[in-house]
1. Scan segment 402-424 for residues that are out of contact with any Asp or Glu (no Cβ under 8 Å at 6 or more places or on another chain) and farther than 16 Å from D360 by Cβ and jot them down.
2. Is segment 395-408 home to any residue that is touching a residue at least 24 places away in the same chain (Cβ under 8 Å), surrounded by fewer than 23 Cβ atoms within 10 Å (Cβ to Cβ) and within 23 Å of the chain's Cα centre (by Cα)?
3. In this structure, does A123 turn out to be closer than 22 Å to Q247 by Cβ, in contact with a helix residue (DSSP H, G or I) (Cβ under 6 Å, 6 or more places away or on another chain) and assigned to a strand (DSSP E or B)?
4. Can you tell me which residue among T355, T447 is crowded, with 18+ Cβ neighbours inside 10 Å and in contact with a Phe, Trp or Tyr (Cβ under 8 Å, 6 or more places away or on another chain)?
5. Which of the residues that make up segment 296-327 are of a type in the set (A, V, I, L, M) and assigned to a loop (DSSP other than H, G, I, E, B)?
6. How about segment 370-388: which of its residues are surrounded by fewer than 20 Cβ atoms within 10 Å (Cβ to Cβ) and either outside any loop (DSSP other than H, G, I, E, B) or at pLDDT 90 or above (or both)?
7. Give me a count of the residues in segment 161-193 that are aliphatic (A, V, I, L, M), assigned to a strand (DSSP E or B) and in contact with a helix residue (DSSP H, G or I) (Cβ under 8 Å, 6 or more places away or on another chain).
8. Can we say A367 is surrounded by fewer than 22 Cβ atoms within 10 Å (Cβ to Cβ), without any contact (Cβ under 8 Å) to a residue 40 or more places away in the chain and either small (G, A, S) or part of a strand (DSSP E or B) (or both)?
Amino acid sequence: MKRSSVFIIVGLFLLQIACQTITAAFPTARPTAPDVAEAMPAGEANLTCIGAYGYGVTCIENNEWVNYSKDSAGLGSDLVEDIALCPDGDLLVLHALGLNRFDGAQWRNYGQGWGYESVKAVACDADDNFWVAHYRGVSYFHDGTWQTYTVKETLSTDPEAYESVNDIAIAPDGAVWVVLVNGIAVFAEEEWTVYEKGAGFDDKYFFERIAFDSHGDPWVVSSGGLHHYDGLFWNFHPSQGFFLTPQSIAVDHQDRIWIGTLAGGLVLYENQAWLTFTPQNSALASYNVNALATDAAGRLWVGTQWGLNVIDEETWTSYWLSNSDLPDDDIAVIAVAGAGSALPATQKKAPGAITGRLVDADGNALANAALEVCVETIYNSYQGDTPCEGHPYTRNAASDADGAFTIENLPAGFYNLAIQTGETWLLYSSRSSGVSERFLVPAGETTDLGEITVSAE
């Protein structure tokens, strides 16, 4: 698998980040999923679907991974932003170019009827109509038409309110809850109620995601902790000294609150105590938890930047591209209906390798240069002494006298590469975006990166 020359154009600098968390022991074994009873096909009650940005949607059907993409199905775009499973079993896919609905046999395209390009979340109500959260507001599709409610006119009373909408969800009683950056709006009995500083909250918070407990009460996570509405008041549960960077939230069958964080692992709130699970003290695949969902069987589905975990009591089952038919290890969103899907058995795939040759700007071999590969994106700031330190999987190598390098026995998957020149680490990237460029190492194959010109320009 030969690639054309790519320039290393982005320099990195070291940024130490201090995080204060409470950790707890959790099983660290990564058990292999057994052969189990058939999962329900699309369109029926029990189903799990997973979205990966750039790779469409993958559902577990009849113990197999079934991918729906622009090429293989009627999906309008593989750049998936959110997914939802409606009460009738239909799959909603919100993507960069609009919205698609799949009933298990046919795809329907709803385009971008809300009129705005930037989308964040989608939700389906009891009548199988749906809501889309997007920049400037939310839009409701029913009876073949779209109705839009904007932040400035309806969802906030603050004239300086941010117009971004972070989440939308339908409560068990049918109320529609909308999470703004600094406020929360609820639509019930054809009326909107707005909660923000001075109206339900004494302070300004930065809200992110919402979920409901067994009583139908909403729980909203912010950078400072959890906010619970009991029907009369908002009760604040601060995170006890550590700063959350929340990306997802779920409430399990025991009414325990789970929070997925950016780089901080999986956080559990139970009995007024906070516990943090990481790849260091548990079988969690990555510190970066993008998506969470719970099913009626009591399992927690955890989508991370590097792999999928399914937690059933104390049993963890882990899936990666290297042991399953997932198209990508970076899980963006998860939707579960009913008891979810039965788990496919894991696979044994042959490892792959990468090779290449480093040269300087004049074409001379770059000998004895240190290299690191890791499975998650590297940014222009990083935690640790090297770019890949702290990543869930990393490998080191060095170029030889001719600038050539080879790294063997790599699990199949996507990788990122950093190269050290002097005291500076540089990213493998063909664009100056401040992040590394991923490349695929297929199972049993060698990915040839070709001649790589190392330049800080």
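1. Answer for segment 402-424, where residues must be out of contact with any Asp or Glu (no Cβ under 8 Å at 6 or more places or on another chain) and farther than 16 Å from D360 by Cβ: T406, I407, E408, N409, L410, P411, A412, Y415, E423.
2. no
3. No; evaluated as a whole, the condition is false for this residue.
4. That would be T447, the only listed residue that is crowded, with 18+ Cβ neighbours inside 10 Å and in contact with a Phe, Trp or Tyr (Cβ under 8 Å, 6 or more places away or on another chain).
5. A296, A297, L321, L326
6. Listed by number, the residues that qualify are A370, T377, Y379, S381, T386.
7. Going through segment 161-193 one residue at a time, the tally reaches 4.
8. Here the answer is yes, as A367 does meet what is asked.
The values are calculated or read from the model by the stated rules, or taken from the named source; none is laboratory data. If you're wondering where the values come from, they're calculated on a predicted model, not measured in any experiment. Because the Cβ atoms are built from the backbone with ideal geometry, glycine has one as well, and the counts that use them run over all protein chains shown.
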